[in-house]
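Reading through the structure tokens given below for one structure.
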Amino acid sequence: RAQAPYREKVQRPCAMPHLETEMKLDFKDVLIRPKRSALSSRAQVSIEREFIFPNSKQTWTGVPIIAANMDTVGTFEVAAVLAKRKCITAIHKHYTVEQWKEWAEGPGKDIIQNVAVSTGILDKDMAKLAEILKAVPGVAMICIDVANGYSEAFVQCIREVRKTYPKVTIMAGNVVTKEMTEELIFSGADVIKVGIGPGSVCTTRKQTGVGYPQLSAVLECADAAHGLGGRIVSDGGCTCPGDVCKAFGAGADFVMLGGMLAGHEECAGETMEENGHYFKVFYGMSSDTAMKKHAGGVAEYRSSEGKTVKVPYRGPIDETIRDLQGGVRSACTYVGASTLRELPKRTTFIRCTQQLNNVFSTETTKANPTECVPAKRQKKMDEETAPQRPGSLEAMDLPVSFGLISKRVPDLQPGG
């Protein structure tokens, strides 16, 4: 019997990496094309939205701007200001249960509906979440936040949280693709956080090579979420009010901001002075600074994926929020949208090679920046420089301007 000829076993080659050739875009790559408008004033534009969430069945009404759940930005103090502007603050997860309880019974009593409680997915995070929701039952939104929203453990956590808290709205992420947006909504999430690597103090793209241009991520994830009745929040990548407008125009239901809200009086951290200039520290939640503060250091098996920067002190946060909201209203008038809800329907993006004239460029998000000095320091400076002649009006603490006495003291007139 003849033997079959020997044939060398051929190993099948491994699947080759896949390359998508379609161009993906960021905020810097586009502008919004203006269109005919019947609006005569920005005051005619409403930037409030109303949502009924698909899984919690809860209704929310307000201005869909969210302060990020970073421990320098997502503070109770920031929440107090943003609530007046009908915005949301995702409170960072490092407040204790007692701090939550004290705040909710005091200054936060009337603004609970404007905050979300943040959590991770570990057992200890779930236990703390349960304690906070028991102590502060008025909290109606949970922000489940991880850097990598593609893990099965994350999806399972959302399912368990939805089962435990059926009537609480769940915001969860981060992801950047259609299929995972749909998966999270099917698992119980109401609002999907979209964005991997675009943040101002995030170095995930540099450390891992992983990410997705933010404008394209918003366009694609919004399409997937809206088809299921879900919502998305564009998280990261905004550098100015115009980027916030582009995110809304691309279909984002909410926009989350970190770096644009950093450095204000209400943000956590001490104000530092260097050579007559004032700064506050701002850092990513996966940075060396954050991990040393909250976890004792960077674990042996991982690397830092965030950076620490000094942000120029920017004074009270209310002016920045007002400026942001004004920019959104103005964008709506340029395309003829009388409400923020209409903006995506009226938005046409055009590709561009340059957005701004940078002849007089600045480092700030404000068009006409002014250097701010902390109120306490300014008061001290005024006291040090003010003349204090015995018997003078300054010594009597009476307001004087260009030699004219204020109306507060009408009985005293110049020369009298």
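The values are calculated or read from the model by the stated rules, or taken from the named source; none is laboratory data. All figures in this text were calculated on a predicted structure; none of them were measured in a lab. So basically every Cβ, Gly included, is an ideal-geometry build from the backbone, and we count neighbours across all protein chains shown. Areas reflect the complete protein model, heavy atoms only, side chains present, ligands, DNA and RNA absent. Shrake-Rupley method; radii C 1.70, N 1.55, O 1.52, S 1.80 Å.
Evaluating GLU77 against the criteria (1) of a type in the set (D, E, K, R); (2) outside any loop (DSSP other than H, G, I, E, B); (3) within 21 Å of GLY251 (Cα to Cα) leaves one unmet condition, (3). Pairs linking a residue in segment 338-355 that is aromatic (Phe, Trp, Tyr) to a residue that is modelled with pLDDT of 95 or more and in a helix (DSSP H, G or I), with Cβ atoms under 9 Å and 6 or more positions apart or on different chains, are PHE349/ASP29; PHE349/LEU215; PHE349/LEU219; PHE349/LYS246; PHE349/GLY249. Residues of segment 93-120 being open to solvent by less than 50 Å² (accessible area, probe 1.4 Å), outside any strand (DSSP E or B) and either free of Cβ contacts under 8 Å to residues at least 12 places away in the same chain or closer than 21 Å to GLY188 by Cβ (or both), which ones? Answer for segment 93-120, where residues must be open to solvent by less than 50 Å² (accessible area, probe 1.4 Å), outside any strand (DSSP E or B) and either free of Cβ contacts under 8 Å to residues at least 12 places away in the same chain or closer than 21 Å to GLY188 by Cβ (or both): GLY106, GLY120. For segment 324-362, the set of residues classified as within 22 Å of VAL373 (Cα to Cα) and buried (at least 17 other Cβ atoms within 10 Å of the Cβ) consists of LEU324 only.
Among the residues of segment 295-317, the ones that are touching a residue at least 60 places away in the same chain (Cβ under 8 Å), in a loop (DSSP other than H, G, I, E, B) and of a type in the set (Ser, Thr, Tyr) come to 3 in all. For segment 131-169, a tally of residues being part of a helix (DSSP H, G or I), open to solvent by 30 Å² or more (accessible area, probe 1.4 Å) and closer than 18 Å to HIS92 by Cβ returns 2. Of all residues in segment 162-175, exactly one satisfies the criterion of being closer than 22 Å to MET70 by Cα and either free of Cβ contacts under 8 Å to residues at least 12 places away in the same chain or out of contact with any strand residue (DSSP E or B) (no Cβ under 6 Å at 6 or more places or on another chain) (or both), namely VAL175. Pairs linking a residue in segment 225-251 that is over 13 Å from ASP29 (Cα atoms) to a residue that is of a type in the set (Asp, Glu), with Cβ atoms under 6 Å and 6 or more positions apart or on different chains, are ARG231/ASP253; ILE232/ASP253.
Quick grid of which residues meet (1) open to solvent by 70 Å² or more (accessible area, probe 1.4 Å); (2) at pLDDT 95 or above; (3) not hydroxyl-bearing (Ser, Thr, Tyr):
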position: GLU8; (1), (2), (3): yes, no, yes
position: CYS14; (1), (2), (3): yes, no, yes
position: THR21; (1), (2), (3): yes, no, no
position: ASP29; (1), (2), (3): no, yes, yes
position: ILE32; (1), (2), (3): no, yes, yes
position: GLU50; (1), (2), (3): yes, yes, yes
position: PHE53; (1), (2), (3): no, yes, yes
position: THR75; (1), (2), (3): no, yes, no
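Here GLY229 clears all of (1) within 26 Å of GLY327 (Cα to Cα); (2) open to solvent by 10 Å² or more (accessible area, probe 1.4 Å); (3) in a loop (DSSP other than H, G, I, E, B) except the condition numbered (1).
What number of residues within segment 16-46 are of a type outside the set (Val, Ile, Thr) and either at positive phi or touching a Phe, Trp or Tyr at 6+ places or on another chain (Cβ under 6 Å) (or both)? So the count comes out to 1.
All of (1) closer than 19 Å to MET23 by Cα; (2) part of a loop (DSSP other than H, G, I, E, B); (3) open to solvent by less than 20 Å² (accessible area, probe 1.4 Å) hold for ALA189 with one exception: (1).
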